[in-house]
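K.L.:
Structure in structure tokens, see below.
The values are calculated or read from the model by the stated rules, or taken from the named source; none is laboratory data. Fair warning: this is a prediction, and the values are worked out from it, not measured in the lab. Backbone-built Cβ (ideal geometry, glycine too); neighbour counts: all protein chains shown. Areas reflect the complete protein model, heavy atoms only, side chains present, ligands, DNA and RNA absent. Shrake-Rupley method; radii C 1.70, N 1.55, O 1.52, S 1.80 Å.
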Amino acid sequence: MEVDLVSTNIVKLKRDEEIRMTLYNTQFGSTQADKAFNAASKPVADAASIFAGYGSKDLGSLEHIKRILGGHFVTKFALRTFFSTISAEDTVIIQYPIYLPFRVNLKILEYLTEQHSKIILFVHDVDSLRKAEGEKFKGVGNANSLEQSLKNEVRLLNYATTVILPTEAMEQELTKSGLNVDVKRLNMYDYLLPSSAPYVQDTDAFNNIIFAGNLNKSSFIQELHNSNSVKYQIFGLKPATYTLPKDVNYEGAFPPDQLSAHFKTGFGLVWDGESSQEITGVYGKYLRYNCPYKTSNFLAAGIPVVVWDESGIADFVVQKQVGIVVKSLPQMEAIVSKMTRKEFNVLLKNARTFGKQLRDGEMTKSVMNQLGIVNANTEKNSFV
């Protein structure tokens, strides 16, 4: 029997590459979930936990790279020291944004490119899309002009082999500003929970509307009132800039891993800005592009959501039938007041089914599989 030596050599080369290639991940900040009364670090911790399942080696926080001149510059020696274990053709997953000066971001990505590393940028937020013109804080884009700031961020993203984005709307907006690399979409961030974590207990009443988050940037809450149609359940640290209405149910603040235990049956509200009548303000407008992590929190807890009909996740929520989309909160109240128990049960069942996927990290795992990165618990990583 003749042996195809060319094919044999290609297979051998392929196997040699698999042996040499290693997966790494890094980020700005700790990968330990924050026990404080906010969920800021849980998305980073959850993503790192999922990467670890693929055999990824955590390099630690990028803030530990030694910098000079007031922290605004970094030397090649410092970069070589931090990335000392990385070899050519290794894959490095960086959770973005990196809250370091723009020039430092640039040097990090330039260095990895020079080392012939494959860079995957796992995007949580794009600073320039959630800033107001004239804001003093320049953010990652390091420019007073929002247009230039966004171009700078896109310049960073274009160093990647692949960029992982939350929504199609964010992809379209970044593409208009020059993004020209491979893009994979999550559609929804995962929200890891143990299989033993209970879902919100179902009750007869389902007109409870839950809002949880940074109340200081959610001044629309001032306009909310309990009624025969709906009851509002509010979670978070008390706002410093306004007083909460007396007739909403303020429940206080809880760490992310305890929050859902205080939810009652109903809907999780994904809203932001200054008005209940419409989406306003820079944080409200950011809903057009991002996928708020509270959405994942609600669904992982097993409750359907209410989202703005122009938000970046509206189509996905409709497609999965895990909630309702509205133009305003008065419209939401009208829809919920007329909803039948049978209609709610459909949303509830779908929310729990999809929430189970978020608990198990299936959104990120799906993207990793699309990239040819195989779970270390099933078979050897291929990185093709």
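K.L.:
In nanometres, what is the gap between the two model label sites at S195 and V318, each 7 Å from Cα along Cα-to-Cβ?
P.N.:
3.6
K.L.:
Percent of accessible area on the chain owned by carbon and sulfur, 1.4 Å probe?
P.N.:
Working: 9220 of 18060 Å².
It is 51 percent, rounded to a whole number.
K.L.:
Tell me the per residue accessible area of region 310-367 using a 1.4 Å probe; a whole number in Å² is fine.
P.N.:
Working: 2790 Å² over 58 residues.
Computed with neighbouring chains in place, this is 48 Å² per residue.
K.L.:
Please report the net charge: other residues with Cβ closer than 10 Å to the Cβ of I120, K and R +1, D and E -1.
P.N.:
Details: positive: K118, K184; negative: D182.
So the surrounding residues net to +1.
K.L.:
Tell me whether region 166-207 comes out rounded, prolate or oblate; compute the Cα gyration tensor, take square roots of the eigenvalues as a ≥ b ≥ c, and use a/c under 1.5 as the rounded threshold.
P.N.:
Working: a/c = 7.34, a/b = 2.43, b/c = 3.02.
Because a/c hits 1.5 or more and a/b fails to exceed b/c, region 166-207 counts as oblate.
K.L.:
Shifting gears a bit: Using modelled backbone amide H atoms (1.01 Å from N, in-plane), which distant-in-sequence or interchain residues come within less than 5 Å of I93's amide H?
P.N.:
It is Y24, N25, T26, I120, by chain and number.
K.L.:
Test of understanding: what is the full-extension gain from E168 to F73, defined as 0.36 nm times their sequence separation minus their Cα-Cα distance? Kindly include the intermediate steps, with their values, before the conclusion.
P.N.:
Details: separation 95, 0.36 × 95 = 34.20 nm, distance 3.41 nm.
Computed gain between E168 and F73 is 30.8 nm.
K.L.:
Nearest 5 percent is fine: what portion of the DSSP beta bridges confined to the chain is antiparallel? Please report the intermediate quantities before stating the final value.
P.N.:
Working: 2 of 40 bridges.
DSSP beta bridges in the chain are roughly 5 percent antiparallel.
K.L.:
Please find the FRET efficiency linking D309 to S366, where r is the Cβ-Cβ separation and R0 is fixed at 30 Å, and quote it to the nearest 0.05.
P.N.:
Numbers: r = 26 Å, r/R0 = 0.86.
In this case the efficiency is close to 0.70.
K.L.:
Under a point spin-label approximation (7 Å from Cα along Cα-to-Cβ), what is the Q331-D202 distance to one decimal in nm?
P.N.:
2.9
K.L.:
Would you work out the relative contact order for the chain, in percent, from Cα pairs under 8 angstrom that are 6 or more residues apart? Each step should come with its number before you reach the end.
P.N.:
Numbers: 735 pairs, mean separation 59.6, N = 384.
Worked out over the chain, it gives 16 percent.
K.L.:
Classify the chain: rounded, prolate or oblate, from the alpha-carbon gyration tensor (a ≥ b ≥ c, eigenvalue square roots; a/c under 1.5 rounded; otherwise prolate if a/b is larger than b/c)?
P.N.:
Numbers: a/c = 2.19, a/b = 1.53, b/c = 1.43.
Because a/c hits 1.5 or more and a/b exceeds b/c, the chain counts as prolate.
K.L.:
Moving on to the next point. Modelled label-to-label distance, Q148 and H262, 7 Å Cα→beta-carbon offset: nm?
P.N.:
Reported label-point gap for Q148 and H262 is 4.4 nm.
K.L.:
I would also like to ask the following. With a probe of 1.4 Å, find how much accessible area region 103-227 has per residue, and write the answer as a whole number in Å². Display every interim value, and only then the final one.
P.N.:
Working: 5450 Å² over 125 residues.
I get 44 Å² per residue for this part.
K.L.:
Could you tell me which of rounded, prolate or oblate describes region 231-384, using a ≥ b ≥ c as the square roots of the eigenvalues of the alpha-carbon gyration tensor, with rounded for a/c under 1.5 and, failing that, prolate when a/b is larger than b/c and oblate otherwise? All intermediate terms of the calculation are to be shown ahead of the outcome.
P.N.:
On the way: a/c = 1.79, a/b = 1.68, b/c = 1.07.
Cα axes put region 231-384 in the prolate bin.
K.L.:
For L237 and N216 in the same chain, what is the full-extension length gain: residue separation times 0.36 nm, less their Cα-Cα distance, in nm?
P.N.:
On the way: separation 21, 0.36 × 21 = 7.56 nm, distance 0.84 nm.
Separation in residues times 0.36 nm, less the Cα-Cα distance, equals 6.7 nm.
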